[in-house]
Amino acid sequence: MHIRSLCLTLIFGFSLCAHCSADERKYIPLINPKATPATVNLYDFLQDIQGKLTLSGQHNFVGKGSAFTEQLEALTGKSPVVWGSDFSFTVKGDDAMHFQHAGPANLPTIDVERVRAIMAERKKNGLQGPPPPGAFPKPEFLDITLAQARAKTIDEIKARHAKGHIITLMWHACFPTDGTPCRGESVWAEGHLPTDAQWDALMTDGTPLNEAWKKSVDEVASYLEELQQANIPVLWRPYHEMNGEWFWWGHKKGEQGFKRLWIMMYDRFTKIHKLNNLIWVWDANAPRSVPGERGIPYEDCFPGAEYVDVLASDIYRNDYKPSHYDQLLALGNGKPVALGEVGELPSLEILKQQPEWTWFMSWGWILFLSNEPDRIKAIYNSDRVLTLDRISVDKDGRYSVK
């Protein structure tokens, strides 16, 4: 462990000590010993606020700029600290709009009011869950390539980081040999997850499936390398919700399961691409038994503390169970924990009961579908939740609370 002090005087009357010899703090180090100084500083900051404050965050779709962050800013007068996006995919097929909630690069942003009306009608008729594919119009594909959308996102990241935002990125990836554009079922593979033989082939160096995987991850690595050159650290949360039964990388238990895929990416990114600007965020789904959203226990897919910097959970349907929170804390053993994606924002009471969440990130237009405007405003104007105006970052990437 390394020791660095950081003095933050907070409105609650306590202080997080920095440059205070009387109360130096020991920090958990990043798993990558070659992490850049800016990346180390960001990780230290997460530990500084853990248990005391929570960073606000908002996801934006690839190639669409900061559309949802800007809507949130207009509503609340505040800007979320964490700016999120996705390396994503391009989708094809008549049912493409069924996958619009993930924000494929070649689909337009859906009208939130239209979705709200659809959901209200479904609720009136006693129906629950997301709208079926037939509820949406046939897709009108945008004239943009995935490479173009990703490049636009990198430009937006640079602009947002210059304003002080913390960046988090993830990746809805097509199955490697399907390429992109792909049908949505290539990503959402529920009912046809890879066989054990396919999984072994994916992990075996030199197989066609393994080579296809390398090509796809190397493309993503090139964008992360560009961010590293710009000295931008990234909260990197690939292969999210891996304990669920829907994504092709999901529901693979034990030493021969998901753990192998995670380590294979970690090794390739750190050893081949020399990516030292990543904080590795392992982001599972809440381990629940809701049909269509079933998640096996966290530990079944955990790659090990030596390969994880932050443990996160995705929570929808307001499912902030204390047991899920406690299980994640136990698995992390002191490492920061976060809400990788949320539908309903965590209430102030939840944040009081579950104080270790270092950030939350609401997902795209789901924020406005699942939360009333007054509730969003109340959370964004609370003392507990940090917004961009309440943090500062110096030229060396050291964050502090104003």
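With respect to Ser323, determine if the residue is more than 20 Å from Val81 (Cα to Cα) and in contact with a Gly (Cβ under 6 Å, 6 or more places away or on another chain).
In short, no.
Looking at Gly63 and the list (1) out of contact with any strand residue (DSSP E or B) (no Cβ under 7 Å at 6 or more places or on another chain); (2) part of a helix (DSSP H, G or I), which single condition is not satisfied?
That leaves (2) as the condition not met.
Residues are listed down the side, and each one gets a yes or a no for (1) more than 21 Å from Ala312 (Cα to Cα); (2) not hydrophobic (A, V, I, L, M, F, W, C):
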position: Phe45; (1), (2): no, no
position: Asp48; (1), (2): no, yes
position: Gly57; (1), (2): no, yes
position: Val62; (1), (2): yes, no
position: Gly65; (1), (2): yes, yes
position: Gly77; (1), (2): yes, yes
position: Ser88; (1), (2): no, yes
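What pairs can you find where one residue is in the range 185-201 and surrounded by 17 or more Cβ atoms within 10 Å (Cβ to Cβ), the other is among the acidic types (Asp, Glu) and not in a loop (DSSP other than H, G, I, E, B), and their Cβ atoms are less than 7 Å apart, with a gap of 6+ or different chains?
Ser186/Asp178
Among the candidates Ala135, Ala159, single out the residue that is at pLDDT 95 or above and among the small types (Gly, Ala, Ser). Break it down into steps so the answer makes sense when it comes.
On the way: Ala135 fails: at pLDDT 95 or above.
It is Ala159.
Test Ser216 against the stated conditions and say whether it is touching a residue at least 24 places away in the same chain (Cβ under 8 Å), part of a helix (DSSP H, G or I), touching a Phe, Trp or Tyr at 6+ places or on another chain (Cβ under 7 Å) and among the hydroxyl-bearing types (Ser, Thr, Tyr).
Judged against the criteria, Ser216 is not a match.
Would you confirm whether or not the range 334-343 contains a residue that is at pLDDT 95 or above and at positive phi?
Within the range 334-343, one or more residues are at pLDDT 95 or above and at positive phi.
Could you go through the range 208-222 and let me know if any residue there is over 22 Å from His172 (Cβ atoms), surrounded by fewer than 16 Cβ atoms within 10 Å (Cβ to Cβ) and modelled with pLDDT of 95 or more. Explain how you work it out, then say what you get.
So the first thing to find is which residues in the range 208-222 are over 22 Å from His172 (Cβ atoms), and the list is 208.
Filter again for surrounded by fewer than 16 Cβ atoms within 10 Å (Cβ to Cβ), leaving 208.
Still in the running and modelled with pLDDT of 95 or more: 208.
Taking every residue of the range 208-222 in turn, at least one turns out to be over 22 Å from His172 (Cβ atoms), surrounded by fewer than 16 Cβ atoms within 10 Å (Cβ to Cβ) and modelled with pLDDT of 95 or more.
Condition check ((1) over 21 Å from the mean Cα position of the chain (by Cα); (2) free of Cβ contacts under 8 Å to residues at least 24 places away in the same chain; (3) surrounded by fewer than 20 Cβ atoms within 10 Å (Cβ to Cβ); (4) assigned to a loop (DSSP other than H, G, I, E, B)) across all residues:
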| position | (1), (2), (3), (4) |
| --- | --- |
| Arg288 | no, no, yes, yes |
| Asp314 | no, no, no, no |
| Ala338 | no, no, no, no |
| Pro355 | no, no, yes, yes |
| Thr358 | no, no, no, no |
| Ser400 | yes, no, yes, no |
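Every residue in the range 69-100 that is crowded, with 18+ Cβ neighbours inside 10 Å and either in a strand (DSSP E or B) or modelled with pLDDT under 95 (or both), please.
Pro80, Val82, Trp83, Gly84, Ser85, Asp86, Val91, Ala96, Met97, His98, Phe99, Gln100
Please go through (1) assigned to a loop (DSSP other than H, G, I, E, B); (2) among the small types (Gly, Ala, Ser); (3) in contact (Cβ under 8 Å) with a residue 24 or more places away in the chain for Ala221 and return the number of the only condition it doesn't satisfy.
Single failed check for Ala221: (1).
Would it be correct to say that Arg317 is more than 29 Å from Phe68 (Cα to Cα) and charged (D, E, K, R)? So that I can check it myself, show each step before the final result.
Numbers: more than 29 Å from Phe68 (Cα to Cα): no; charged (D, E, K, R): yes.
No; evaluated as a whole, the condition is false for this residue.
Restricting attention to the range 164-184, and to residues there that are more than 25 Å from Leu278 (Cβ to Cβ) and in contact with a Ser or Thr (Cβ under 6 Å, 6 or more places away or on another chain), which single residue is surrounded by the most Cβ atoms within 10 Å (Cβ to Cβ)?
Among residues in the range 164-184 that are more than 25 Å from Leu278 (Cβ to Cβ) and in contact with a Ser or Thr (Cβ under 6 Å, 6 or more places away or on another chain), the one surrounded by the most Cβ atoms within 10 Å (Cβ to Cβ) is Pro181.
So if I check each of His251, His240, which one is at positive phi, crowded, with 17+ Cβ neighbours inside 10 Å and of a type outside the set (A, V, I, L, M)?
Working: His240 fails: at positive phi.
Being at positive phi, crowded, with 17+ Cβ neighbours inside 10 Å and of a type outside the set (A, V, I, L, M) holds for just one of His251, His240, which is His251.
What is the residue count in the range 221-279 for residues that are closer than 14 Å to Thr39 by Cα and aliphatic (A, V, I, L, M)?
9
Can you find, within the range 230-248, the residue that is nearest to the chain's Cα centre (by Cα) among those that are farther than 12 Å from Ala284 by Cβ and of a type in the set (Phe, Trp, Tyr)? Quick ask: steps written out before the conclusion?
Just the residues of the range 230-248 that are farther than 12 Å from Ala284 by Cβ, to begin with: 230-236, 238, 245-246, 248.
Add one more test, that the residue is of a type in the set (Phe, Trp, Tyr), and what stays is 236, 246, 248.
Working: Trp236: 7, Trp246: 17, Trp248: 18 Å.
Checking each candidate, the answer is Trp236.
The values are calculated or read from the model by the stated rules, or taken from the named source; none is laboratory data. From a predicted model like this one, the values you see are computed outputs, not experimental measurements. Heads up, the Cβs are rebuilt from the backbone with ideal geometry, glycines too, and the neighbour counts pull from every protein chain shown.
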